[in-house]
Structures are given as C-alpha cells and as structure tokens.
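What follows is a short report on a single structure.
Every read-out reported here was derived from the displayed coordinates using simple, explicitly stated rules and does not represent laboratory data. A quick note: this is a predicted structure, and the numbers were derived from the prediction, not measured. Here Cβ is always computed from backbone atoms with ideal geometry, including for glycine, and neighbour counts include all displayed protein chains.
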Amino acid sequence: EIMAFRNVNRRRHIGLQQLSSLASIGRTLLGPVKSYKFIVDVSTSESALTCSAVRLLESLDLTSAVGQLLNETIQAQNKEYKTGMTTLLFLVGAWSNAVLECLQQNVPLSLVVSVMSEGLNSCSEKVKCLQLSVHDLYKGPKSVPIHFSSRSLGSQITENIPVSKEECFPESLHSHQASPCDPHDRCLNSHLCISDNITPSLVEPVGNKTMPAVLGSSLIASNFNKRTKLTHSRYFNTPEKSHCPLQTDNFGSAPIRPGACPYEFNDFGQLAMALSHGNQSSMKLVQDIFRCQQQIAERKGSSQFNIAEVVTCCLPGLSENYSCVCPGYITLVSPEKATVTKQLRDRPLQILLIDGDLREKYRHLGFNRPSNVSTISESVALQESSSESIWINCALDILIQSKVNLILVKGNVCENLMERCILNNILIINPVTDTVLHAFEKGIGVQLVTYLSQVNSHYVGSGVWVDFWKTLELDNKVPVSIKAEGIHLVTAVLCSTVTSKMQVTEDQFWTCAYRLYHALTDQKVFPGGGAVELLCLSHLQKLEEQSLKQADKYPSGELHMSSCWLTKSLTQYKSVVLKALASGWHQYLSRVMYNTASYESEFEASTFIDHHLKKATDCSSPSSYILKEFNKGIKVMDDVDLSIKQEEALKIYDNVTSKVEAWRRALDLVLLVLQTDAEIITGPKRNQLLNSHTSSEFTFV
Amino acid sequence: MSRIEAKKPSLCTDKPLTKDVVSFSLSVLSGIVKSCYGPTGRLKQLHNGMGGYVRITSQSSALLGGLSVTHPVLNLLTASVKNHISRFSDCGLFTAILCCSLVENFQRINFESSTVTKISRHLLSSCIDYLKSEACGCRLSVDFDSIKTLLSLVRSILASKPACMLNKTEASYISTLILKAFLLTIPHSVETNVVLGKCVIVPVKDKRVMESAVYPGLLIEIPVFQLASIFPVKRVSSSTIKMALFCISLSGDLSNIGDGPVIVHHGISLEVAVLDQLLNLGKQLVNDQVGLVVCQKVIHPSLKQYLKEHRVITIDRVGLSMVEPLSQMTGSQPIAALHSLSPTCYGSLKDLRTENFVSKHFWHLIPNDILVCSLILCNRNEMAWDELKHVCQTAEHVLQLTIKQPLALLGGGCTETHLASYIKHKSSTLSTGILKAIDCSQTQYQLVADAFCRSLECVACCLEHDDGEILTDMVYGHFWSVQSGFPSDCNWSDLVLKCGCGIYNNQRNLNWTVLQRQCIPFIPQSCSNRPSVNATDHLVLDCFTAKCSGLQVAVETANLILDLSYIVEDQN
C-alpha cells in the first residue's frame, strides 16, 4: 500500500558491507580441505552439518534484500553448473571489500563499475590460452577400459555386478580398517570423515568470526579449524583401494610420469581424478557410472556422459565401503513391500508408470474443482465414504485385469489401495522422481498415465525384474533393485556411517559428477591448483602498467560512456580499481593455500603467491611460465612439500565455463549492489518499520 | 440485517501544493527518478521487506509500478507517466523528471497558475514546432538503408539500463539481435496497409547472455520429460500441417459452469460428461486431419492420450502471450468452445520440428509467411533477465515508432540543452503581438521561459551521478561533462572530450560555459549540416516520437498539478 524508502548509499556503502559480512561465513569452505559447519536452529534444536556454500545459504534465514540477492546468485550458479558456488561466495566477499576500499579512495562509482567489469572481461579472455583440450587428455570412450564381461544380455550382467562387488567387501573392509596409520589414507579421509580426525565441537563465535548482525537468524556457526596437515590432497592416488571389479582397471597400475610427458594422459581415470579435487571416493563412483553407461552405449551407439539418467540412493548408517554403482533403480521399501518383493523376484513383471498421485481425489494440474456443485442422493447408504471404496475396487479391478505387478508412482498413494495391492501381490513404489519414471518410459517403451482409467494393454510394460539389493535392513527398510533390459538408468548407492554426513556425501557425489560432465561437454579444462588465478593476477599487473604508460592519452571506446569526463579521468583511477580486482583473486589463492594447511598464515601464503607472480610477470609469456610450472607439478595452490615424489603428483583440473561464470556472477552481484543507492519497501512491512528502532533510517512517503 | 452508518464527510484540502507533506513526497519521488536516469544511473532495490522477490532496476515502468503512492498529487503524476510509458515504452524517466522539475521551478516563481499555464503551453508548442521543423538542430533523419543509426538507437537504450549487467561485447551482441528480430517482422512486400509482425521473447534464465539468439518462426519449450514421446507430425500435404489453436482450458474441469449452485444427482458425474465432450472434440479434430493441437491452458491427459494414439501432436500450457502471435502466424482462429468447431478456424503451418538451443528443447513452428520470430533471451539471473527483457521490448517498440516516423533525437543530454538554448533565444526575441495574444508581460514570459529552460537543463544534469560538472557550448548548445573542481582560470578545451551524444569532439572554438549560468542568448547551430553525421559510430540517440510525447505529457501534467486548488477525498 504505502512505501518506505531507505537511502543505502551513505559514505560507507551498507549493502556492500552486508554482502561482505555474509560472504565471510564461507571462507573456511574454500579449497579441498573444508571445515564443516554446524548450523543449529536454537528454537527447535535441530542441527545440520554442512560444508557447501549452497547448503549453508539455504539454511540461513536471509531476509535482508542483499542476503536474498546473494542466495539467488548462488542458487542460479548451482542450478546451472552445480560447481563453483564456494568460489563465487568467496569472491563476492573479497570483491565487496575491494570495492569498499575504492570508494574510500574516492574513486567515482561509475568508474569502479566499468573498469572492474572490463577488467574481468579481459582476464576471462586471457585465461583462454590456458585451456587444455579434453581430447588431448583423453582420447574418447575407446580409451575407457571396460572390465565387464562383454556378454550382451543386460539383465544377466547387471545382476552380476553387485554380487561380485559384494564378494570383494571383506577384503576392502579389511584393507580400510587396517590403514588408519597409513598417512595416505589418513589424508584421504581427513576431509571425508570427520569422526576420525576432527572432533566437532560447538564453539561460540569469537572475534572476526562473529556472525554478521544482518542475518538476524538463529545461527551459531563454528569453525572447526583444527588444522590437519595434508600432504597432497587433490592428486592423491590409491591403487590399493580398488576393491571392486568395476574399479579394477589399469588405473594406477601403469606408472605415469606427469613431469615428463605433460599431455600423455590418455587414461580417463586420470582426467576424472584430476577433477575430483580431493573427493576421490565420490569420483571413483562417477567413473564407474561413466563406464557403466559406456557399456550400455556399446550396444546403443552413443558415447556421452548422460548425467540425466543417474540417480542416487542414500543408505545412511552403512560403511562407506558399501558405496557403489548399480545399473537400474535402487530404492528403499517398507517390510510389507519387501514381502511382496519376495513373491515377485525371479520372474519378469508387468509394470505401470503413473505420472501423478494414486488417490481418488487427485486431479491433474490445471484442473479446477468447481465449488458450487453439490451432489444429492436418494438413499442414505451411498455416502461420501463409500465413494472411495468404489474407486479402490475399480482401481484394483483394472490392475488385476491388466496383470500389473509393479507400479511406479510419482506422487502419493491412497493408503487403503496400497494395503489392498500388497494383499494382491502388487508392488507400488512411490514417490519416484521424474528421472526414474522417464528412464523406464524410454527404456521399455511404455507411456505414462495420469489416471488408472487410461490404462489399456499399450500402457503396461513388461520384462521388468525386481530383487533385493543385498540382504540388508536399514531403519526397518529394505533396499530393492528394479531392472529391465534397455534401461539406461544407473543408481549410485551412497553410504555413510555418520548419518548427519549423508547429505554432504550426496552433494559431493553430484559435484564430482557435474565436474566430469562439464569437462566432457565443454571439451576443455583449466589447469587447476591456482594456475588460472595466477595468470589473472599477472595479466592485471600488465593492464595496470599499460594504463600508467598511456597516462597522456585516453583509450577510446573503452567505456560505455565514451563521451563522459569519466573517460578522461580514467587513467587517474584505473590502476587503483585494477588492483582492487586483483586483490580478490589474491585473497582467494592465499585462503585456499591457508585452508589446505600448508601455510601457517594467509600472509605466508600471500608471500608465496607474490614470489610466483613476480617470476611469471618477469617472463615474456606469463601463460607459458604458468603452464610449465603446472606441468612440473608445482601448484601455487598446494604446498611444495618435497616429501612428495614427483611420480605421485597427479594433475588437478578445473572446469572452464563454471569457473569463469562464477567469477562473472560474483562480480555482477557486487557491482549491482554497489550501484544500488536506495531500497524501496512496499506493502504492509512499512508499518512495522515505522515503529521499529531503525525507523530513522527510512523515509516514509 | 445490515446496519446503516452515517456517511463521513469528505475531506477537502485547499492549495495542496503549499502543504509540506505534498512537497516532501514530491521531492522524494523526484529524487528517486532523478537518481535512476542515464547509463550511470543508480539502481533501486524494490521488495516487500518480507522475503519477497527483490527487483533491482532503474526502469521507470518497474519503479512506478512498484511504488505505491497514496497522495492524489503524486498519483496524478505517476498516472500520467505510466500512461506515457504504456503508449511509447521509452522516455518514462525523462517525462517524470521533467514534470517534477517543472513543478518545482514554476512554484518558485509564484505566479498566478493560469498565467504560468498559458505561457508554458506556448513554450511547449514552440518546442514541438521546432522539433518537428526541418530547421531543428538536434534531430537526425534515420536512414533505413544502413543499420548504423538504428543500431545506435538500440544501443543507447540498452546502455541506459545498467541493471541488465551487460558488458560491451554483450551489449552490442544483444543490440544486433534486437535489430535482426525487428527486421524479421517487416513484411517483404509493402502494400498500403503495412502490418508489422511480432517478436516473441523466449525466456532462458541462468544462462550466458551470449547464448541468446533469434530464429524466424515460433519456439515453444518442450519439457525435458516429454522428449521421449515425440513422433513425426501428420501432414495434409508435404508443406502443410493443419493446426487447431484453443484459448480455453481443455483440462476437463467445469470452469464455464457459472456462478449459482448446481445440484447433481448421485451417480451422475459432470466430470465424465465433460470428458466425453472432450473426447468427441478429439474425434472431430482427428476426422478433420488436424496434425497439431495447441492449447493456451491445460489439456486433459485422456484427451492427450486419445490424440496421441491418432498421431496428433499436442502442445499445452503455452500461455496467453503466445496466442496472438500463433494466430497471426498460422491464420488459425483461437477456439473458445468445446463444440461446433467450424473448419474455418483451423490454421496451417509449413513445418514443425524439434530443435535444441542452449541445451533446451523446443518445438519450432515454421509458418508459410514468416512474420513472427522468436528471440531466445538469456541472462545470468532472474532480476537481470527481467530488466533485459523489458529493455528489449522497449527497443523493439522504439524501432516500430521510428519506422513510422524516421527521425531520432540526439541523446546524452544534448537535445535538452540545445532545446533550452533555442527557447532562451526565442523568448528573448518575442514579438509584442504574441505577448498580447497570451495576455502577459515580457517579464512574466521571460521568467516562465527561464524556469522552463532550467527544468530542461535539470533533466540533462541528471545524467551526471559522479559529481562531475556540466558545461554547454555556445555554438551548438550541446552537453559536455567535465570533472568537478577545475581551477577557475583553466582552458575548457583541456577538460572536455566529447559532447553527450558523441557527435562533436573537442574543438577550440566552441566557447563553453557552465550550464544553467546566465549567458547571452544565441541561435544554436544545427548538427544536420555536418557531413560525417551518419558516419560517426556510437552516437547516443533517443526515440523522436517518445521524447516529443514525453515533453508534452510532462508540461501538461505539471500545468495540471499547479492548477490544483482543491483536493476532495471521500473518507468512506
């Protein structure tokens, strides 16, 4: 109704300060070694464990406009790329501070905007020269070793896999348990399994870790900054850990000397591991999925990583060693349904796919129930309650007549119908995601129905098999697997002994999956370990020098407002703004190095970066210097611990598009907030503001 | 039983403009619109303070739509501006700022409002006459043989809205796309009645701007999970697909049942009856050899199933905005009834394909006569996309206005300062006959004219947001910005670079002065005799039609506001 109006852009920009303090909570999440955070809701005492920027922001109560913008930006990056969100969050903070610094030095705001955005643009162009072609690194699916037996009957093979994996369990469990003293294994697990090395404890926020007041939420964050010395986090290779036939390929068995021949990694496994960024176990699963899909593709003729036909099944409480990949669909069912499963296993089943709820009152989307229709009946016996039982009888008739044994339902199912179906040995699985429904639709060539009244013989599929997936019982639920020939669906079974870590494990799996997916769709990767950021720093230094040299003449057409006096005074401020842009990446690099526990302080890390930066800038071609250093295995981002033998050092790769996009989105957000000078609040909130203690900040119209 | 309450008396306020609350509200509104103006304008966060969607914008339509002003004076102002925007899309901020400045400046001279009104009307008509005359020194004729001027026009509109978050490359890419899309909507053969086609914006959010593209024909997104069930379309002939377009819901609900209570006997199902009707409709469509059924709303799953079994493709939930272009493109009449289909309401398509752009799948509807095109518009997030979409629509509208009246005004503040110089000169050489006709003294006229010019110059000054200083030259009357705090004895030509619209570079003989400082009136020279006008890249241009209207609306509205002597508010 009425509006309130607040001038944001005081001397010190409130919006940027909010942004900077919000982003600062994600600093410890950067890099391969993450400190977990507990998010505790004081009112309900519920808590969540997280180590990703997306989950962290999701759990916060971000009611401020800036907080919401930040959340939207992170969510948009997540929706599109599934990686790069922590980088984005960190850079938002770093660049907000850098811009505030510029404002302190009286740089005109519009100049900050145009120089920063052109500077980033120039860097994004520059780093293209570091892109490595995936084709050079990995010669296509032919080089993916497939260790399935190549007999072509799908259902037999698919049934083989979990069984043979199970046979390997005792050994692998043993090898895992025997290895806590093995430094390599400890390193690997240090960031996967907090129960081993980091003891979570709730710490009251202190010092600069105090939560920003703008959050206004019931959040207590704590940084478990007990630093674990990590020797070589990202490129750690564990050949002895291959405990599954899917994973026993020649990965790791053929010694490769990365220092000697930089571009001869034709092994797919090397590419995948270089993209794992410390989540080897998750990436191994992703690799298995890819192999599994390749095997199916051999018959179908496509060779892409089809991420759209991957689902996860989380089994909290089980040891991580049980994590594996299985063709088909694996899900947990109740004991009653398990009884039906027992009846149905070992024979081909008839399946029905339902795209909605299985309830009497359910209607498809867009169907509006009229409110003014009432039904009258002559006899008292025909009541509302009986209409459901009529519907159930009718439904059951249809199911029995069309000989359906198995139904996948997207939504809810009427309790009574469910019971009757169990009695009639019809297994209903619900809720099932669209991915699963459509994988079956595509695989067995049967279409989805919304109502049972639509069912005829064309809509019932056949040749589906159901079975127990191992003989396990978790929380009174039993995993079952549903398979059919022609189904491309692959389930990643994820296990975690620590139940609260289940979400983290699942997130890490998807992060790895998407990293590999993007690498294969982009067909190019960046050298990781800070190489790209270092080149940006050196490039910005060059631009800065150029701008000082050109002090007497103005670069024409560099700005949107080429006619404005700002163009003329560009040289006066350009180097300050470029320095600010560079400081974002500089802080990023030193924070990552500090987080990987190689450096005692961010300052020490920063000195190391400056050292390499000077070397790079002194070179005639900084990019070739950086590539050379990368190939030598020296990473700015990682420690140069001499105890690591060169042979062990694997490459680290980063995704190209998601990284550059994360930079752009971070800067865009900072610049948007920077250019905002007022908040206009409309609606009923106005009266609350009028009576609040902050009312003096607002203008009421 | 209802109780009858005595009516409250109406509230009457006299001389509303003299009230503090009104002038305060007016100055707040004026502050908001002024701070948003131009390529370096500041942005506003619009939200409800309760976790609702946050819109970051500097667009007048979004601002005025989002602001809810209560005072009648402010309402009058925003309503006029909104009305201008709905007709012309462009120059909304210009209109609002000019109107606010006129009210402020006219109030200051404190004349009888009727005198001010009369004189300002005369000034307005002088302006409009000048702008529309061949002698006008701040306009260019738009040459449709070359895309340069058109591109400058589009680029200027894009550059004026920083919340789109485009960098230079992206801005020129999108400008080209907008122009390309516009050219696709122009008919090939020109008859007496030219009807422009339509450009439909297809939203693709969270993607990079550079992935945007233009395609002839219509693109309708296919949900990922419907891909599996696509089959080849049924054709009447090799190049004709018969199509039916429904603008009512085919979801099988009873939406057209009416208001009163309906009583149904047990055992009778209205739903089944409607579904039967739908299936009959399906039967007729199949009999009539329809290959494609498009529905604005939802199609019942059973009808979809029936049609699919008979190889008829269905596309539902296309939305209201698609109905008009679809009907225009295919010649089909939107069907609004479930029965008695006339065969004349069907339309035809040349081809129907599925295509893959920006990792999404689309139906590509290809008409026989292409006058409809689709602009797949990408931007990195929701709010930047919203802003960009609005700018694209404005630009398209401006191009349409320009094709009707192929003129453009110099942008970047130059038109305002030039016009002010012209009026200053004109009012200093006014004949007594005119003064008599208006019934005012020379001094009165001069004072109102000064206030009028100050308001115009004030609009130009609002382009500067970084404490720069504004100069004008005494030859062309253009707009020049310089860094503030220059020494008083310095040479102006060392400070200036280019004029606001970009047409003139720094020349020694231009004789600058600080804008809004008293100076001797002069006749501003025209730019159109400059030979290189059309050769200059990156001119800043404004839409002629929209700006002329904005000028008129601002002056008329300001007059109306000044003329308010009473406000009567109903308190009930």
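Please identify the helices of chain B, taking whole runs of DSSP H, that span at least 20 Å along their own axis as judged from the Cα atoms and have a mean Kyte-Doolittle score of 1.0 or higher.
Values: long enough: B:20-36 (24 Å, 1.32); B:72-88 (24 Å, 0.38); B:92-109 (26 Å, 1.12); B:113-132 (28 Å, 0.07); B:168-184 (24 Å, 0.88); B:270-287 (26 Å, 0.66); B:382-404 (33 Å, -0.23); B:414-428 (21 Å, -0.68); B:442-461 (28 Å, 0.34); B:544-563 (29 Å, 0.72).
Both cut-offs are met by B:20-36, B:92-109.
At 7 Å along the Cα-to-beta-carbon direction for both B:CYS12 and B:GLN442, put a label point, then send me their distance in nm to one decimal.
Distance between label points: 4.3 nm.
Can you give the extra length, in nm with one decimal, that the chain gains between A:LYS477 and A:LEU548 once fully stretched, where that is 0.36 nm per residue apart less the Cα-Cα distance? Walk me through the numbers before you get to the answer.
On the way: separation 71, 0.36 × 71 = 25.56 nm, distance 6.92 nm.
Gain on stretching A:LYS477 to A:LEU548: 18.6 nm.
Please compute the modelled spin-label separation between B:ILE230 and B:HIS265, points set 7 Å along Cα→Cβ, answer in nm with one decimal.
5.0
Among rounded, prolate and oblate, which fits the stretch A:1-140 when a ≥ b ≥ c are the square roots of the eigenvalues of its C-alpha gyration tensor, a/c under 1.5 means rounded, and a/b larger than b/c means prolate? Let's see the in-between values first.
Working: a/c = 2.15, a/b = 1.10, b/c = 1.95.
Oblate.
Using the beta-carbon distance between B:LYS404 and B:SER172 and R0 = 22 Å, what value does 1/(1 + (r/R0)^6) give for FRET efficiency, to the nearest 0.05?
About 0.30, to the nearest 0.05.
Let me have the relative contact order for chain B, percent, based on Cα pairs under 8 Å that are six or more residues apart.
Values: 979 pairs, mean separation 148.4, N = 572.
Computed value for chain B: 26 percent relative contact order.
If a/c stays under 1.5 just call it rounded; otherwise compare a/b with b/c (prolate if a/b is bigger, oblate if not). Do that for the stretch B:132-271, with a ≥ b ≥ c from the square roots of the Cα gyration tensor eigenvalues. Walk me through the numbers on the way to the answer.
Numbers: a/c = 2.12, a/b = 2.05, b/c = 1.03.
It comes out prolate by the Cα gyration axes.
Taking the beta-carbon count within 10 Å as an exposure proxy, list B:GLU416, B:GLU112, B:GLU324 from fewest neighbours to most.
Values: B:GLU416 33, B:GLU112 10, B:GLU324 14.
So the ranking, lowest neighbour count to highest, is B:GLU112, B:GLU324, B:GLU416.
In whole Å, what is the distance between the alpha-carbon centres of the stretch A:659-687 and the stretch B:536-572?
Answer, in whole Å: 30.
Can you compute 3J(HN,Hα) from phi for each residue in the stretch A:287-292, using the Karplus curve 6.51 cos²θ - 1.76 cosθ + 1.60 with θ = phi - 60°, rounded to whole Hz and x for Gly and Pro?
Ordered by residue, 3J(HN,Hα) equals 4, 4, 4, 4, 5, 4 Hz.
Write out the chymotrypsin sites (Phe, Trp or Tyr not before Pro) in the stretch B:1-53 meeting two conditions: DSSP loop, and at most 16 other Cβ atoms within 10 Å of their Cβ. It would help to have the intermediate numbers written out before the result.
Working: sites: B:PHE24, B:TYR37, B:TYR53; in loops: B:TYR37, B:TYR53.
Those satisfying the criteria are B:TYR53.
What is the average number of partner chain Cβ atoms found within 10 Å of a Cβ in B:260-268?
Details: counts 1, 4, 5, 5, 5, 4, 8, 4, 1.
Other-chain Cβ atoms within 10 Å of each residue's Cβ, averaged: 4.
Sort out for me the Cα centre separation of the stretch A:326-370 from the stretch B:324-350, rounded to whole Å.
40
With the crude spin-label approximation of a point 7 Å out along Cα→Cβ, what separation in nm comes out for B:GLN333 versus B:GLU556?
Inter-label distance under the simple model: 3.8 nm.
B:SER141 to B:ASN511: FRET efficiency via 1/(1 + (r/R0)^6), r the Cβ-Cβ distance, R0 30 Å, to the nearest 0.05? Provide the component values of the computation, followed by the final result.
Numbers: r = 28 Å, r/R0 = 0.93.
Here the calculated transfer efficiency is 0.60.
So if R0 is 45 Å, what FRET efficiency would B:MET210 and A:THR499 give, r being the distance between their Cβ atoms, rounded to the nearest 0.05? Walk me through the numbers before you get to the answer.
Numbers: r = 44 Å, r/R0 = 0.98.
In this case the efficiency is close to 0.50.
Could you let me know the centre-to-centre spacing of the stretch B:28-45 and the stretch B:408-460, using Cα atoms, in angstrom?
26
Just tell me how shielded A:669-679 is by partners: mean number of partner chain Cβ atoms within 10 Å of each residue's Cβ, no decimals.
Neighbouring Cβ atoms belonging to other protein chains average 6 per residue here.
Please average, across the residues of A:116-126, the number of beta carbons from any other chain that are within 10 Å of each residue's own beta carbon, and give a whole number. Could you put the intermediate results ahead of the total?
On the way: counts 0, 5, 2, 0, 1, 4, 0, 0, 1, 1, 0.
Mean shielding by partner chains, rounded to a whole number: 1.
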